[in-house]
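First up is the structure itself, then whatever we jot down about it.
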Amino acid sequence: MFYVYILRSVNHPDQTYIGYSSDLKQRLQYHNSGKCKHTSKFIPWHIEFYCAFKIKSKALDFEKYLKSHSGKAFTNKRLI
């Protein structure tokens, strides 16, 4: 399975991060280890939302959409 996920910072709840992974548990550990420069300032993180896809390209398309202007509006209104 391929996952699109939204993380929320525990200490800075206004901070979110949208990403993609084929191993969601390992990816969360990666973000919380401080190795990702985009998320290291706001650790620890928890998973706010995730969605599983069977097809990699569908997951990547959905991640791209969520990162777009209209996708951010959809996220804030419907997902988190």
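Run through every distinct alpha carbon pair of segment 35-80 and return the Kirkwood hydrodynamic radius in angstroms, one decimal place.
12.3
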Ordering 27-39, 68-80 by per-residue average of other C-beta atoms within 10 angstrom, highest first, gives 27-39, 68-80
With x for Gly and Pro, the residue-by-residue ³J(HN,Hα) of segment 63-73, computed from phi through the Karplus equation 6.51 cos²θ - 1.76 cosθ + 1.60 at θ = phi - 60° and given in whole Hz, is 4, 4, 4, 4, 7, 7, 4, 5, x, 5, 5
Simple spin-label estimate for Leu60/Ser40, 7 Å along Cα→Cβ, in nm, reads 2.7
What helix-only [θ] at 222 nm does the chain give? Using -39500 (n - 2.57) per DSSP H run of at least 4, over all residues, to the nearest 500, the answer is -10000 deg cm²/dmol
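Given N residues in the chain, what is Rg(Cα) / (2.2 N^0.38 Å)?
Normalised Rg, Cα atoms only: 1.04.
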Violations at 24 Å Cα threshold for listed pairs Lys41/Lys72; Lys35/Lys64; Lys41/Lys77; Lys35/Lys58; Lys25/Lys64 -> Lys41/Lys77; Lys35/Lys58
Taking 0.36 nm per residue of separation between His69 and Tyr30 and subtracting their Cα-Cα distance, the length gained on full extension comes to 11.4 nm
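All of the numbers you see were taken from the coordinates with simple rules; none came from a lab. Predicted model, so just to flag it, every value in this text is computed and none were measured. Positions of Cβ are backbone-derived with ideal geometry, glycine not excepted, and every protein chain shown enters the neighbour counts.
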